[in-house]
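Asks: Mind having a look at this structure? Questions to follow.
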Ligand SMILES: [Mg+2]
């Protein structure tokens, strides 16, 4: 077990799952076929140890997150995943680590019917780069430049758990009630199945990877609109509420919830006439969605507190605009 080829053969050779892969591994390139009536959507993301995940993160969680953050980008545009390539840089050949990583990697590929079609291994600081490729029919692609004034703004799931999870790890808060937040940090859930149907009710979506403020900001900038968001309607998990009750004197820390990353939930906009349809769709996929505000014809993104006052992030300890 000391060459790149040994590592690929033992840990990164998985059963052939798809008949649109003519040649996966074993030549200079992979050969694949895109269905004639579909578009190919591609995305890539790198996770570096100590930057994108804490250094002591278990190998299986690193594998999970590395795949999911890429699938989340495909979901953000309504695409269904088909293929992945993986470039991994490893400080050493640790067979226990590789077994754990590879087992989780393979399980997710099977779950989503994705073929690994190529990659590269090198020696270096631990870093994982995945390119994910998926299909979508032309008319079903969701884009961030399609928000319209009057649209309702929705998010899936709950917001801010991963930021609290990271805070708990970094500050060594040994509190089992915060484990759901750490789970959200390590095991984000790309909303693939819901997103693949979302174009029936929405044209505009993004995934929340850098925090709601930044990512909704990208949508509004691309669409030339603004939005008013009601803080009280932003969905918090029970674990997040527990965190604020216990560690923040019952005061919700909006900057940590809305400006840190790693939610991997969807933010999307819906015309009023499609609201009941999108809520029915979410129910069908057992996904909680929340209407948190609406798109305006200004260019401002403002957050209103319960008393109708505009919440000022800068005055409340957020400096990163
Ligand atoms: Mg994204």
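Where a number appears in this text, it was derived from the coordinates with a stated rule and is not lab data. In this text the structure is predicted, and so the values were computed from the model without any measurement. When we count neighbours, we look across all protein chains shown, and the Cβ atoms used for this are built from the backbone with ideal geometry, even at glycine.
Asks: First check a/c for the chain, with a ≥ b ≥ c the square roots of the eigenvalues of its C-alpha gyration tensor; if it is under 1.5, answer rounded, and if not, answer prolate when a/b is larger than b/c or oblate otherwise. Provide the component values of the computation, followed by the final result.
Replies: Working: a/c = 2.30, a/b = 1.35, b/c = 1.70.
Here the chain falls in the oblate category.
Asks: Same structure, new question: Taking springs between alpha-carbon atoms closer than 10 angstrom, which of 188, 180, 58 fluctuates most in the Gaussian network model of the chain?
Replies: Looking only at 188, 180, 58, the largest GNM fluctuation is found for 58.
Asks: Give me D for segment 190-301 in µm² s⁻¹, whole number, from Stokes-Einstein with Rh from the Kirkwood sum over alpha-carbon pairs, 25 °C and 0.890 mPa s.
Replies: Working: Rh = 15.0 Å.
Result for D is 163 µm²/s.
Asks: Still on this model: Can you classify segment 1-121 as rounded, prolate or oblate using the Cα gyration tensor, where a ≥ b ≥ c are the square roots of its eigenvalues, rounded means a/c under 1.5, and otherwise it's prolate if a/b beats b/c and oblate if not?
Replies: oblate
Asks: Then there is this: Quick one: order 25, 288, 310, 213 by neighbouring beta-carbon count within 10 Å, fewest to most. Numbers along the way, then the final one.
Replies: On the way: 25 16, 288 13, 310 10, 213 21.
Result, fewest neighbours first: 310, 288, 25, 213.
Asks: In addition: Under the rule a/c < 1.5 gives rounded, and otherwise a/b versus b/c splits prolate from oblate, where does segment 62-220 land using the Cα gyration tensor?
Replies: Numbers: a/c = 2.23, a/b = 1.30, b/c = 1.72.
Verdict is oblate for segment 62-220.
Asks: Take 14, 5, 268 and order them by how many other Cβ atoms sit within 10 Å, fewest up front.
Replies: Numbers: 14 16, 5 9, 268 31.
The order, fewest Cβ neighbours first, is 5, 14, 268.
Asks: Now for a separate question. I need 290, 33, 202, 298 ordered by Cβ neighbour count within 10 Å, fewest first.
Replies: Values: 290 17, 33 10, 202 25, 298 13.
If I rank by nearby Cβ atoms, fewest first, I get 33, 298, 290, 202.
Asks: By how many nm would the segment from residue 272 to residue 298 grow when fully extended, if each residue of separation counts as 0.36 nm and the alpha-carbon distance is taken off?
Replies: Details: separation 26, 0.36 × 26 = 9.36 nm, distance 1.85 nm.
7.5 nm is the gain from fully extending residue 272 to residue 298.
Asks: Among 145, 73, 286, which one moves the most in a GNM of the chain with springs linking Cα atoms closer than 10 Å?
Replies: 286
Asks: With r defined as the distance between the Cβ atoms of residue 38 and residue 233 and R0 fixed at 45 Å, what FRET efficiency is calculated, to the nearest 0.05? Could you put the intermediate results ahead of the total?
Replies: On the way: r = 36 Å, r/R0 = 0.80.
Using R0 = 45 Å, I get an efficiency of 0.80.
Asks: Label point 7 Å out from residue 187 along Cα-to-Cβ: which residues of segment 94-108 have amide N under 14 Å?
Replies: Once the point is set 7 Å along Cα→Cβ of residue 187, 104-105, 107-108 turn out to lie under 14 Å by backbone N, inside segment 94-108.
Asks: On full extension of the chain, what length is gained from residue 245 through residue 171, given 0.36 nm per residue of separation minus the C-alpha to C-alpha distance?
Replies: Numbers: separation 74, 0.36 × 74 = 26.64 nm, distance 1.73 nm.
That works out to 24.9 nm of additional length.
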